[in-house]
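Right, one structure below, let's go through it.
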């Protein structure tokens, strides 16, 4: 399955999913799938979350909490799951506040192995 | 229930919990309960996670993702849940990688109302 198909598969199978993407730590989006009219500025979102993830990675290493695997952020409007793929890339799943977050995180983890292989 | 008792209640009732604390965004720990020999440098951890949370709050507002409620960070060794209490304070629950994360996040949310009231 291509990278885009895998992302589409995640978005299609998670209730409330708005977008899925693969991003580099420098904020460059590698590939993305967005539900029409999701209303998100994926461009600025990707740059912002890349900054956040770099900051968390640094902090986790500093306090010897181990290597970062997953970060999830819940606001009053959205839920976002970020998952590390490799040294350079991570996946992002953006969902509505009432979406199926458990399934979203599960599929992100499961498909992460395929994506990491595709991108290796 | 006092703040410390509420924190102790969370740690005692979540399998794999290592520490629970209330912190200010400037990195000052307000109160904390740690399991003996948890092996964490809570001092530096609190400062680092406060920085991370401020960064996420800023990013979420910037991309209009709404007001931050909860952040969770999974590494290969630990799981950390951070939950906003009010404008100034947030709670942190640090757990082992295989702890009961669902219950931990649930109790943090549930007890958050008590804590916010105590601290108001």
Point to revise | Enumeration of residues in segment A:22-56 that are surrounded by fewer than 19 Cβ atoms within 10 Å (Cβ to Cβ), under 20 Å from residue B:69 (Cα atoms) and touching a helix residue (DSSP H, G or I) at 6+ places or on another chain (Cβ under 6 Å) | key: A:55
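How many of the residues making up segment A:57-100 are surrounded by fewer than 16 Cβ atoms within 10 Å (Cβ to Cβ), facing chain B (nearest Cβ under 7 Å) and farther than 15 Å from residue B:66 by Cα? Quick ask: steps written out before the conclusion?
As a first pass, look at segment A:57-100 and keep what is surrounded by fewer than 16 Cβ atoms within 10 Å (Cβ to Cβ): A:58, A:61-62, A:64, A:66-67, A:76-77, A:86-88, A:97-98.
Pick out the ones that are also facing chain B (nearest Cβ under 7 Å) and you get A:62, A:66-67, A:76-77.
Filter again for farther than 15 Å from residue B:66 by Cα, leaving A:62, A:66-67.
Number satisfying all stated conditions: 3.
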Review point. Among the residues of segment A:26-58, how many are touching a strand residue (DSSP E or B) at 6+ places or on another chain (Cβ under 7 Å), modelled with pLDDT of 85 or more and assigned to a loop (DSSP other than H, G, I, E, B)?
Key: 1
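I want to confirm something. Restricting to segment A:60-106 and keeping residues that are assigned to a helix (DSSP H, G or I) and free of Cβ contacts under 8 Å to residues at least 12 places away in the same chain, which single residue is farthest from residue A:14 (Cα to Cα)?
Initially, segment A:60-106 is screened for residues assigned to a helix (DSSP H, G or I), giving A:60-62, A:101-106.
Retained after the next criterion (residues that are free of Cβ contacts under 8 Å to residues at least 12 places away in the same chain): A:60-62, A:102, A:106.
Working: A:60: 29, A:61: 32, A:62: 34, A:102: 9, A:106: 10 Å.
Among those that are assigned to a helix (DSSP H, G or I) and free of Cβ contacts under 8 Å to residues at least 12 places away in the same chain, it is A:62.
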Study note, to complete from the structure: Considering residues that are within 21 Å of residue A:105 (Cα to Cα), touching a helix residue (DSSP H, G or I) at 6+ places or on another chain (Cβ under 9 Å) and buried (at least 20 other Cβ atoms within 10 Å of the Cβ), the number found within segment B:101-120 is 3
Point to revise | Selection count where residues are within 12 Å of the chain's Cα centre (by Cα) and touching a residue at least 24 places away in the same chain (Cβ under 8 Å), scope segment B:29-51 | key: 8
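The values are calculated or read from the model by the stated rules, or taken from the named source; none is laboratory data. All values reported here derive from a predicted model rather than from experimental measurement. Using ideal geometry, Cβ is built from the backbone for each residue, glycine included, and neighbour counts are taken over all protein chains shown.
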